[in-house]
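A.B. asks: Attaching a single structure in structure tokens format; questions to follow.
Just so you know, all these numbers are worked out from the coordinates, no wet-lab data involved. Bear in mind the structure is a predicted one, so any value in this text is a computation, not a measurement. Heads up, the Cβs are rebuilt from the backbone with ideal geometry, glycines too, and the neighbour counts pull from every protein chain shown.
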Amino acid sequence: MNESVYNLDNQNSNLSSKITVALERISEAYRVLLWEKAKEFKLSPIQIQILVFVNSHKSKYCTVSYLADEYNITKATISDSVKSLLSKGLIEKLTNENDTRSYIISLSDSGKKIITELNNYSMELSNPLNDLSIEKQESLWGSLSEIISKLYNSNIISMQRMCFSCKYYKQVPEGHYCGLLEKELKTIDIRLDCPEHDRK
């Protein structure tokens with residue numbers, strides 16, 4: 001028997017296969033929205049992702065090496081995108097005092113002017129989620145965070161700043177615990193991108 005999730009007999013009789021294909025459809029929607037924004041601003045999708053990332057993260061994360069890890073692509077690809085953004089005047093290169101071989105990427109004044117519009121490209125995905133009850137959102141987040149953790153443990157994806165990869169995180173009988181906050185965490189408290197994250 002063909003056990004592929006794309007085999008319709010298998011897909012229609014196997015819930016995990018249906019969910020896998022559903023996640024792919026959501027991923028496609030994300031890509032479509034990103035491409036639409038890219039065409040509007042004459043930028044590539046990765047250039048938009050770089051601008052959005054730099055705007056919302058500490059400067060120590062805004063290096064070519066870190067961005068390559070973040071998006072699972074080569075340093076050369078990130079470097080090319082950074083060069084293009086520099087030529088468009090949307091970012092600036094700052095001296096990295098901790099590593100003289102690299103530099104920190106920062107938004108220029110022009111980059112700051114368009115960042116609000118760029119940040120909104122995923123709003124169409126947020127709207128259906130906001131229509132779900134809090135209970136359904138909590139259940140969905142619990143399932144998704146568990147899937148992300150398992151994909152990370154299988155070395156399929158990076159999990160840069162999620163609770164599960166942080167030295168302050170502990171699994172406890174009651175569920176989750178943060179040593180930095182010194183408190184138990186509910187599933188909804190688990191962060192995908194924590195500003196205080198410190199890798200194990």
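A.B. asks: So what's the angle, to the nearest 10 degrees on a 0 to 90 scale, between helix 75-87 and the longest Cα principal axis of the chain?
C.D. replies: Here the helix axis deviates by roughly 50 degrees.
A.B. asks: What order do you get for Met162, Met123 when you list them from fewest to most C-beta neighbours inside 10 Å?
C.D. replies: Met123, Met162
A.B. asks: Using modelled amide H (1.01 Å from N, peptide plane; none on Pro or chain starts), what sits under 5 Å from the amide H of Tyr169, excluding residues fewer than 5 places away?
C.D. replies: Gly179
A.B. asks: Among the aspartates and glutamates, which fall within straight-line cross-link reach of Lys39, defined as a Cα-Cα distance under 16 Å, with same-chain neighbours fewer than 8 residues apart omitted?
C.D. replies: Straight-line reach from Lys39, under 16 Å: Glu117.
A.B. asks: I've got another one for you. Please compute the length gained on full extension between Lys58 and Leu15, using 0.36 nm multiplied by the number of residues separating them and subtracting their Cα-Cα distance.
C.D. replies: Extra length from Lys58 to Leu15 when fully extended: 11.5 nm.
A.B. asks: As an exercise, identify the GluC sites (Glu not before Pro) in segment 152-197 lying in DSSP coil whose Cβ has no more than 13 other Cβ atoms within 10 Å.
C.D. replies: In loop regions of segment 152-197 (DSSP not H, G, I, E or B), the sparsely surrounded GluC sites (Glu not before Pro) are Glu174, Glu182, Glu196.
A.B. asks: Also, I was wondering about something else. Please tell me which of these pairs span more than 22 angstrom C-alpha to C-alpha: Lys136/Lys183; Lys60/Lys200; Lys60/Lys150? It would help to have the intermediate numbers written out before the result.
C.D. replies: Numbers: Lys136/Lys183 25 Å; Lys60/Lys200 17 Å; Lys60/Lys150 27 Å.
With Cα atoms farther than 22 Å apart: Lys136/Lys183; Lys60/Lys150.
A.B. asks: Still on this structure, please answer the following. Can you give the FRET efficiency to the nearest 0.05 for Gln171 and Lys42, using r as the Cβ-Cβ distance and R₀ = 41 Å?
C.D. replies: Working: r = 46 Å, r/R0 = 1.13.
Using R0 = 41 Å, I get an efficiency of 0.30.
A.B. asks: Lysines near Lys42 by alpha-carbon distance under 24 Å, same-chain residues fewer than 8 away left out - which ones?
C.D. replies: In chain and number order, the partners are Lys75, Lys83, Lys88, Lys93, Lys112, Lys113.
A.B. asks: What is the set of long-range amide H partners of His197 at a cut-off below 5 Å, with H atoms built 1.01 Å from backbone N?
C.D. replies: HN-HN under 5 Å from His197: empty list.
A.B. asks: Tabulate in residue order the Karplus-calculated ³J(HN,Hα) for segment 29-46, using 6.51 cos²θ - 1.76 cosθ + 1.60 with θ = phi - 60°, rounded to whole Hz; enter x for Gly and Pro.
C.D. replies: Computed from phi, the couplings for segment 29-46 are 4, 4, 5, 4, 4, 5, 5, 4, 5, 4, 5, 4, 9, 6, 10, 8, x, 5 Hz.
A.B. asks: Contact order normalised by length for segment 1-95, with contacts defined as Cα pairs under 8 Å and 6 or more residues apart; what percent is it?
C.D. replies: For segment 1-95, the relative contact order is 13 percent.
A.B. asks: Would you order Leu34, Leu132 from fewest to most other beta-carbon atoms within 10 Å of each residue's own beta-carbon?
C.D. replies: Details: Leu34 19, Leu132 12.
If I rank by nearby Cβ atoms, fewest first, I get Leu132, Leu34.
A.B. asks: Tell me the mean residue ellipticity at 222 nm calculated for the chain from its helices only (DSSP H runs of n ≥ 4, each -39500 (n - 2.57), averaged over every residue, nearest 500).
C.D. replies: So the helix-based figure for the chain works out to -16500 deg cm²/dmol.
A.B. asks: State, as an integer percentage, the relative contact order of the chain based on alpha-carbon contacts under 8 Å between residues 6 or more apart.
C.D. replies: Reported relative contact order: 15 percent.
A.B. asks: Which order results if Val21, Val82 are arranged by neighbouring Cβ count within 10 Å, fewest first?
C.D. replies: Lowest to highest Cβ neighbour count: Val21, Val82.
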